[in-house]
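See structure below.
Every read-out reported here was derived from the displayed coordinates using simple, explicitly stated rules and does not represent laboratory data. It should be emphasised that the depicted structure is a prediction, and the values quoted were computed from it without experimental measurement. Here the Cβ positions follow ideal geometry from the backbone for every residue, glycine too, while neighbour counts run over all protein chains shown.
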Amino acid sequence: MTGPGKASRPSLARRMIQGLVAFVALVGLLVILTEPLREDRESFAEWFAREEVKPLLAESLVRDATGRLVLAPSPDLAAYMAGNPDFWFFATDGVTTIEGGAARSMNLFDGDQVNAHAPAFHFGIRHSRIALMFGGHRGDIGDGVRAWLADRLQRWLAALIVVTACTTLVIARLVHFLLRPVQRAAQAAAAPAPGQRVPALPEAGVPVEILPLVTATNAAFARLDEEHERQRRFIANAAHELRTPIAILGVRLDELPEGPAKLALRHDVKRLTMLADQLLDVERLQRGGIDGSRRVDVVALAREVVAEMGPLAIGLGSTLSFDTALPRLELRGDEHALRGVFLNLVSNALTHGGANIAIDMRVRADGSVEVADTGVGIVPEARGRVFDAFQRSGGGGGAGLGLYIVREVLRAHGASIDLRDGHPGAVFLIRFPPSGTLSVVDAGA
């Protein structure tokens, strides 16, 4: 089962944007809804009736082809004027004055003085200001509320869209900028290879709200490193302490008379010796004891291992062969450790593959090395665990450290190993790093 995808995880930037947009929307709604309380008015009915008329007049005052201000009554304004015979209005852009409704029978102006107490409003048409004055308006308060809300919400929605776009851009940039120290800390935590010590995560520039997390992570890493070092020292000390009594046990065993019991004890002592050696190998790997400064010929090394293990395979009734598509394959690495890899893989096949099997070690043309056997193979449910420490996939001796050491040695060389089904048997495929650290010499060289 895979974890949740990136899209389903919470985003700090998205939450900040949503929170700010919601706050702006709430403030905008409060401003709109409290507008009637803040305006000068005679009554709510008067104020809402005025709000109903203003958009009717604004959409009916237009300019003709010559740019002159004219009245083109919309159907809504015509219906309103027909239902309100006392309604009047004056509009002017400073050049043209338009009067309508009952205004034709009124003497509203005396020179430049206004003889009425009607309020004046302004709106824009084609980059010019239009002054508007009206009176005698009557209307249903419900129609006025709907007209008022439609006008304000339309303008508020446009403003909210602009605010949302600007907020998204600014907050996305701001979050990316503020979280750069956190990203650097994450990169520092991901940089070490498996088995390497994780350095302290950088705390410089980390926001104070996130600093406790980084500090706690550093403290946790420090505790893990301390525990890891304690376990490493324990394994090394235990392995060294085991070698002496095992050696003494072997010497005393030689003094016993030959027999089945002595043969079984020798087998047990051999297993104990192998376990101590493997524990020391694990400790050396954890300490970074791989010498990668020398050039190693993988083809020659594999051929030597096959020659060394051949008599043992024949003694067990099996066959061991070697084949290579390359005369020479060089890489920088630890010859002793790589020899142990090939020895472990062949020994593992002989130990767990069963009797009378064929083992083939091949160096392929792409530089990979394959160790295949025709044995009983490894059951599918155990294949994912064979490279774990103290995991044993079948019968036979051993402590379950061989393949774990193989994987760790190859990992220290930048290589990888995969287990495949051989139909029958098992196939271990080793892939070494790219040609930057690998030198392949073909037959024509």
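A Förster distance of 30 Å, applied to the separation of the beta-carbon atoms of Leu29 and Ser74, puts the FRET efficiency at 0.55.
In loop segments of the range 197-240 as defined by DSSP, the trypsin sites (Lys or Arg not before Pro) with at most 15 further C-beta atoms inside 10 Å of their C-beta are Arg197.
Our estimate of slack between Thr319 and Glu381, defined as 0.36 nm per intervening residue step minus the Cα-Cα distance, is 19.5 nm. Label separation (Ala189 vs Ala300): 4.7 nm, computed from points 7 Å beyond Cα along the C-beta direction.
Sequence-ordered 3J(HN,Hα) estimates for the range 213-220 from the Karplus curve with 6.51, -1.76 and 1.60 and θ = phi - 60° stand at 5, 5, 4, 5, 5, 4, 5, 5 Hz, glycine and proline given as x.
Given R₀ = 35 Å, FRET efficiency for Leu178-Phe221 by Cβ-Cβ distance, to 0.05? Plugging the Cβ-Cβ distance into 1/(1 + (r/R0)^6) gives 0.90.
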